[in-house]
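Worksheet: the structure to be examined is printed underneath.
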Amino acid sequence: QVQLVESGGGLVQAGGSLRLSCAASGNIFSLGVMGWYRQAPGEQREFVAGITRAGSTEYADSVKGRFTISRDNAERTAYLQMNSLKPEDTAVYYCASGPASYTRWGRGTQVTVSS
């Protein structure tokens with residue numbers, strides 16, 4: 001089974017940056033796609049960004065131009081570079097992976113953006 005461990009969350013002022021990391025262990029065939037979701041208090045979990053093994057990416061409209069997803073296949077790690085952060089980006093961020101769709105989830109890391 002794949003295990004995902006997120007790191008890099010924290011408190012930052014609006015306009016600041018954070019870089020999240022997701023370290024994966026287990027079956028590499030379950031890492032066809034890696035991505036990030038987030039969930040704010042009282043809200044449903046929402047897709048943020050995803051990347052395939054070949055490097056194709058997709059982003060939620062709300063983060064396009066501000067967030068960048070990347071991955072290191074050799075290190076089994078995915079990253080989310082978040083720039084120009086806004087208070088509405090405050091949420092628990094979850095790493096996700098799967099062969100083709102997201103089937104495994106990490107425990108999440110808190111990101112708080114102060115105004």
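The values are calculated or read from the model by the stated rules, or taken from the named source; none is laboratory data. None of these values were measured; they are calculated from a predicted model. As a convention, Cβ positions derive from the backbone with ideal geometry for all residues, glycine included, and neighbour counts pool all protein chains shown. Ligands, DNA and RNA are excluded from the accessible area calculation, which covers all protein heavy atoms including side chains. Shrake-Rupley method; radii C 1.70, N 1.55, O 1.52, S 1.80 Å.
The residue pairs whose first member lies in region 60-76 and is under 18 Å from Ala91 (Cβ atoms), whose second member is assigned to a loop (DSSP other than H, G, I, E, B), and whose beta carbons are closer than 6 Å, counting only pairs six or more residues apart or on different chains, are Arg66/Asn83; Arg66/Ser84. Among the residues here, Thr90 qualifies as polar (S, T, N, Q) and modelled with pLDDT of 95 or more.
Scanning region 44-70 for residues that are open to solvent by less than 50 Å² (accessible area, probe 1.4 Å) and assigned to a loop (DSSP other than H, G, I, E, B) turns up Gly55, Ala60, Val63, Arg66. Taking (1) surrounded by 14 or more Cβ atoms within 10 Å (Cβ to Cβ); (2) part of a loop (DSSP other than H, G, I, E, B) in turn, Pro41 satisfies each apart from (1). For region 71-107, a tally of residues being farther than 23 Å from Gly55 by Cα and either assigned to a loop (DSSP other than H, G, I, E, B) or open to solvent by 20 Å² or more (accessible area, probe 1.4 Å) (or both) returns 8.
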